[in-house]
């Protein structure tokens, strides 16, 4: 039972919480067993009274309800305590200074029409979003931002350590995210630099740009922009999307269905191809590496390893409450009660000699 947010409260002024509050739903099952047990005890008593009446003690000296009720109570209390233990009660006993180390990473994502080509599945942009989602799952401590670009560049997500928010914003990206189509790699790189330098980062912090594109650069300013980032101490890595063989650029409707293909002035379909030469030149200027998904040792695993080798800076420093598990305080007595219920006899002890004649 995971996924629920911890339930925080205070006990005698001290911070406490239940790390897995979803386990408390097991108390509903304990309550149902309690109702069933009470019904069975009532039926047992009614049956004994109906069959033996006032002579029940003489006729069935071991058929009383006191011990079954005791066994039921002990069992239910033990199960309730185990349910409480499964909810992982914790108590905050100390505070400590938490330091988070990482790098500042901005993803510059190409959303031009050429990224809709389907030479990789489901298409270049769809594959890029899947790869980046996987990267976000592996980040720990790094700040990440997203810039989308085509003919223009826009900040889709500022630098943040909230990876869930970054993933949500990334999922919404499409070619319609940028009103002016085209492919201006240089503009995308410069926008990424602005995000890195305008984030209030301390001097000396490691800054990284991951360019995700098929390498087509209609404006021709990618190399110059990469050189400027390199001079500013920003490393540039690239994730190549597409194949050298290329694919026609599909035209799609609102539902994503292909309605045709983009054509040139002669009426021939426009074929978009992966431009590795441009991407290699960009990463060379930025002191980074080029990666290609689907190539052994050249995917995002290699990029994640490269990030780990970079110098980490202290991104945040704050006091946090450290919680310690206290589930044993509920689990131990719960087991003892269940053991006691097993050892407790089903009926009461037979009357001693001389008690049978007592009224």
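Of 264, 110, the sequence from fewest to most neighbouring Cβ atoms within 10 angstrom is 264, 110.
By the beta-carbon count within 10 Å of each Cβ, the least crowded to most crowded order of 272, 8, fewest first, is 8, 272. The packing ranking of peptides 278-288, 325-335, highest mean first, is 278-288, 325-335, where packing means the average number of other beta carbon atoms within 10 angstrom of each residue. Taking the average, over residues, of other Cβ atoms within 10 Å as the packing measure, peptides 223-235, 153-165 rank 223-235, 153-165 from highest down. Residue exposure proxy: 123, 137, ordered by other Cβ atoms within 10 angstrom of their Cβ from fewest to most, comes out as 137, 123.
P(r) for segment 104-311, from all Cα pairs and a bin width of 5 Å, is 1, 8, 16, 22, 22, 16, 9, 4, 2, 1, 0 %, short bins first. Label reach from residue 251 (point 7 Å along Cα→C-beta): in segment 110-146, amide nitrogens under 17 Å belong to 113-118.
Readers should treat all values here as calculations from the given coordinates under stated rules, not as data from a laboratory. Computed from a predicted structure; not experimentally measured. Heads up, the Cβs are rebuilt from the backbone with ideal geometry, glycines too, and the neighbour counts pull from every protein chain shown.
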